[in-house]
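This report concerns only the one structure given below.
No lab work stands behind these numbers, since they all come straight from the coordinates. In this text, all values refer to a predicted model and were calculated from it rather than measured experimentally. Positions of Cβ are generated from backbone atoms using ideal geometry, with glycine treated the same way; all protein chains shown enter the neighbour counts.
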Amino acid sequence: MSDAIRERLAEIVGADGVSTWVEPGGRELPLAVPRDTDAATELVRFAGADRLALVPFGLGTKAGWCSPAEHADFALSTRALSGILTYEPGDGTVSARAGSRMADLAATVREGGHRLVPEVTRPAEATLGGVVAAGASGARRLRFGPARNHVLGVRALMADGTLAKSGGQLVKNVTGYDLHRLYCGSHGTLCVLLEVSLRLFALAERELAFTGETTELEVALAACRRLGEVALAPEVAAVVGRGDAWRVTAAFSGRAPSLEAHTGEVRDALGELSLVTELEGAAAEAAVATVRDAELAPEGSWPTLRLAATRSKLAGATELLLSAASELGAPPPRILTHPLVATLDARLDGDGADDLARELATVLAASGVHARWPGLPHDLRRELELDPPAGLAMMRRLKDSLDPDGVFARGRTRGGI
Amino acid sequence: MDASLLRALEAVVGKDGLVSQPTRLVPYESDGLAILRQRPDLVLLPRDTGEAAACYRLLHEAQVPIVARGAGTGLSGGATPVAGGVVVGTARMRDVLELNTEDRYARVQAGLVNASLSRECDPHGLFYAPDPSSQRACTIGGNVAENSGGPHCFKYGATTQHVLGLVIVQHDGTVLDLSGPIVDPDGYDLVGLFVGSEGTFGMATEVTLRLTPKPPVVETLLAVFDGLEAACDSVTEMIAERLEPSAIEILDQLTIRAVEDSVFAAGYPTDAGAVLLVEVEGLEEEVAVTSEDIRAIFARHPVLEVRSARDPEERLKLWAGRKGAFGAMGRIAPDLYVADACVPRTKLAEMVRATIEIARERGLRLATVFHAGDGNLHPNICYDRRDPDEVERVLDAGRAILERCVDAGGSLTGEHGVGIEKLEQMEYLFSEADLAAMCRVRDAWDPERRMNPGKLVPLRACGEIRAAALPS
Ligand SMILES: Cc1cc2nc3c(=O)[nH]c(=O)nc-3n(C[C@H](O)[C@H](O)[C@H](O)COP(=O)(O)OP(=O)(O)OC[C@H]3O[C@@H](n4cnc5c(N)ncnc54)[C@H](O)[C@@H]3O)c2cc1C
């Protein structure tokens, strides 16, 4: 079967466009890399006609956020469908093909004085389509909000092989349903994103970052809480570390005079930390990049546990996490948290990590926070992610309505969609 | 309507929650787009999610079309029951259910009037950012359904960026609780999809909203120009220089005069060709430098005067003029057709010129007031609905304006929605495949197409039966 599929894929995209993709979880799938929209369309039509299921993706940097599909016959990567379609510096918007790398886009719009948001990890590999499909919001979310807020419109390849647009390249627009918001974060289960338009932000006149160290997580979190009260609104207020080594990173950008006038308050807010360092320009950006990249372990794996909550609930959940680890005698988890956004990533390791995860899943569910387990083995993950997301029945109806034959492989997101 | 159904509905909402006398149904014949009217068979006013759900269940069993309604200030015919049926209004659902100042959110009933929310959270140093000019009347539910904007959405984003959760009564009366307010819930963004769905996915009964800290310093600038062109060019330059004020609004001469002759008189000079109202917010130093940069841009154009509001009273007055503009235009003509289109911000002056030309060619009077910073035009056509020939010319001009905007890379609506008004033009902007995707999504929410039928997605695309909407 797989050979026949490979043959057909090669007919559509050429033999050099076919290879193998190892899905997170280890399954090998024939991979087709179309070079143009027509070939991508034909791939989807082929899947539809032959009742096959395909997994769309970019370069797979965030494939691990999903579970492996229940069943998949081949993968379609948009990595070769790249390039900027229109960048309008005077309007502050950009449209690009889905395979464009985030770093390339950021470099282009920077020349026109713009900042590309979201700022995600592995920007040289992460594709625009993949970032949007994964709903990755990046390191500066505190200031710029979630990814879905910046997506102005998309052009997508639907399950029936038609091309459908939603939105446009306009900063304000309410014409028709916001299907692009639905696709954002849908992990390729509803369509293949081919083009995306984003709103851009002004590059700031000045950028500052502060880092400081502490041996206690509570001190680091308190510093972030104080950062939430200073006049100068932070773009980043994050804590990274484990055990008794915690680093707070705070970043600010804006007009030079206001940064100059208010850095004293920021220093006061960080007063209980040691080794407080002030960084400027490129060094400030590098400090933020360190926070951004702390999402991933050096070997490239995603955190075990990803929490989303409200600010007040996250504080309680963080305590639960640490106390559960110490009660079970597990090594202290490594943590990246943005307490003012109310998100936390934790990496559990050591022998008891699975038991700790099971224990945590129960207590966290009761604490009203939202837990995901992207870095766990998939069987364990399915066991822990049993409670269905709110609105699962509607999500299923949407999936069935947009993709009745399951052309886009099922079972990848929570609830088995 | 079937008597037993009526009795069952009355048992749910009580006598005060059911409107059936023909004279009392008249206000529900249209929204702010008075050019199109249709009387509903019945109006229901539930008090909470439970009552709304019970009404929807009964109407589902009887297969009656339903139109959700807030304050009826919509400008695209969204709340007009073109297919008859029942209007379910939120007028008795106006409570703030929870105000969480620590996590900065509020949970409110959908019928809460927009401006009430900012009033409620003001003592806590917070406000609700989206501020449609109709904010003293329009409801949060209506704002959600239209994804409404407002002058300050230039900085803060439209409604969708502020909605953290929803409770939705679905077509069959089941309740979908997505009340949040956790960031990034798992799975599809149903809340984001619902916002802007114009009542076609069901009824929002409760809304969780993000609250924003009030800015420490606000400066309001009024720049006076002898014509619209220079005002538009100044805005295009502000955007190109990536300046970030919080609001950028333009009013033309006819609007200025209407405002100054009305209770909203703001002190705009009546001999001006256009005024530009710009607000800058933030820290003192930031406001000072940004204002300075903006003044430098004004100076490069033929600006007649630049004024800064001296105190909060003057600031409020300047904004009351802008926000009262549509109301004030009642003085210059019996009816006003408020067009609403978006264009790239590099094309403001060109498109404003085009709208003036389109109105002139059809012998119509145009008053323009708009959210310039977002490229959201409101060319407002003055007319008298008793003159059928003029009504025809107005509708024709409306169509021509939208098509010109689409040709220039723009869209049909920036904030007022498609409703019935722009239904036909949806096919001008979207292909069959684009509309088919929208129809599929609509079918998932409302397989029987009883929720606000005849709106947003054209009938050819969805195979929908739409009652003819006739000018009265
Ligand atoms: C003078 C004036 C100024 C205006 N200024 C602005 C402006 O600056 N920005 C802007 O965006 N708009 C503006 N508008 C348009 C209008 O006020 C907005 O669209 C507003 O959001 C409508 O709210 P409403 O409560 O009046 O809704 P309605 O007019 O009652 O309904 C609007 C739509 O929402 C649906 N709906 C209402 N409630 C619900 C609910 N609970 N659940 C599901 N669907 C629902 C209805 O079916 C309808 O389709 C203005 C209107 C006027 C008259």
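Side notes on the structure shown:
- The ranking of A:T343, B:T101 from fewest to most other beta carbons within 10 Å of each one's beta carbon is B:T101, A:T343.
- Exposed trypsin sites (Lys or Arg not before Pro) absent - longest run of chain B, DSSP non-H/G/I/E/B, at most 10 other C-beta within 10 Å: B:1-309
- In plain terms, the residue of A:C224, B:C405 with the fewest other Cβ atoms within 10 Å comes first and the most crowded comes last, giving A:C224, B:C405.
- Out-of-range pairs (alpha-carbon distance over 22 Å; input A:K62/B:K155; A:K172/B:K155; B:K155/B:K347; B:K15/B:K455; A:K313/A:K399; B:K155/B:K214): A:K62/B:K155; B:K15/B:K455; A:K313/A:K399
- Just so you know, the Rg over Rh for the protein assembly as shown is 0.96, from Cα atoms, with Rh as the Kirkwood radius.
- With contacts taken as Cα pairs under 8 Å at a separation of at least 6 residues, chain A carries a relative contact order of 16 percent.
- Stretched out straight at 0.36 nm per residue, the stretch from A:E111 to A:A297 would grow longer than its current Cα-Cα span by 63.8 nm.
- Alpha carbon convex hull of chain B, projected area averaged over orientations, nm²: 21.6 nm²
- 0 to 90° range, to nearest 10: angle between helix A:2-13 axis and chain A longest Cα axis: 90 degrees
- Chain A - mean residue ellipticity at 222 nm from DSSP helices (-39,500 (n - 2.57) per run, n ≥ 4, rounded to 500): -10000 deg cm²/dmol
- Length-normalised contact order for the range A:179-254 - Cα pairs under 8 Å, 6+ apart - percent: 34 percent
- Whole-Hz ³J(HN,Hα) from phi, Karplus 6.51 cos²θ - 1.76 cosθ + 1.60, for the range B:111-118, glycine and proline x: x, 4, 6, 3, 5, 5, 5, 5
- Alpha-carbon Debye profile of the range A:1-78, log10 I(q)/I(0) at 0.20, 0.27 Å⁻¹: -0.82, -1.43
- A:E11 versus A:T215: modelled label distance in nm, points set 7 Å from Cα along the beta carbon direction: 7.0 nm
- Under a 5 Å amide H cut-off, with hydrogens placed 1.01 Å from N, B:G165 pairs with B:T208 among residues at least 5 apart or on other chains.
- Separation of the range B:385-418 from the range A:171-209 is 28 Å, based on Cα centroids.
- Close amide H pairs (under 5 Å, H built 1.01 Å from N) link A:G254 with A:E205, A:R206, residues at least 5 positions away or on another chain.
- Relative to the longest principal axis of the Cα atoms of chain B, the long axis of helix B:348-361 lies at roughly 70 degrees.
- Taking the convex hull of the alpha carbon positions in the range B:171-322 and averaging its projected area over all directions gives 12.8 nm².
- Relative contact order %, the range B:333-407, counting alpha carbon pairs below 8 Å whose residues are six or more apart: 41 percent
- Around the amide H of B:T368, modelled in the peptide plane, lie the amide H atoms of B:D252, B:L254, B:T255, B:N380, all under 5 Å away and 5 or more residues distant in sequence or on another chain.
- Scattering curve values for chain A, log₁₀ I(q)/I(0), Debye with Cα scatterers, q = 0.10, 0.11, 0.13, 0.14 Å⁻¹: -0.71, -0.86, -1.16, -1.30
- Helix B:312-323 and the longest principal axis of the Cα set of chain B meet at an angle near 60°.
- Cross-link reach list, aspartates and glutamates versus B:K422, counting only Cα pairs under 14 Å and skipping chain neighbours closer than eight places: B:E146, B:E198, B:D340, B:D396, B:E403
- Each Lys or Arg adds one and each Asp or Glu subtracts one; over the other residues with Cβ under 10 Å from the Cβ of A:I335, this totals +2.
- Here the 3J(HN,Hα) profile of the range A:307-323, calculated from phi with Karplus coefficients 6.51, -1.76 and 1.60 at θ = phi - 60°, is 10, 10, 7, 9, 4, 5, 6, 5, 4, x, 5, 4, 4, 4, 4, 5, 5 Hz, Gly and Pro shown as x.
- Sequentially through the range A:96-108, phi angles give Karplus couplings (6.51, -1.76, 1.60; θ = phi - 60°) of 8, 6, 4, x, 4, 7, 4, 5, 5, 4, 4, 5, 5 Hz, Gly and Pro residues having no value and appearing as x.
- For the range A:45-137, convex hull volume per residue from C-alpha positions, Å³: 101 Å³
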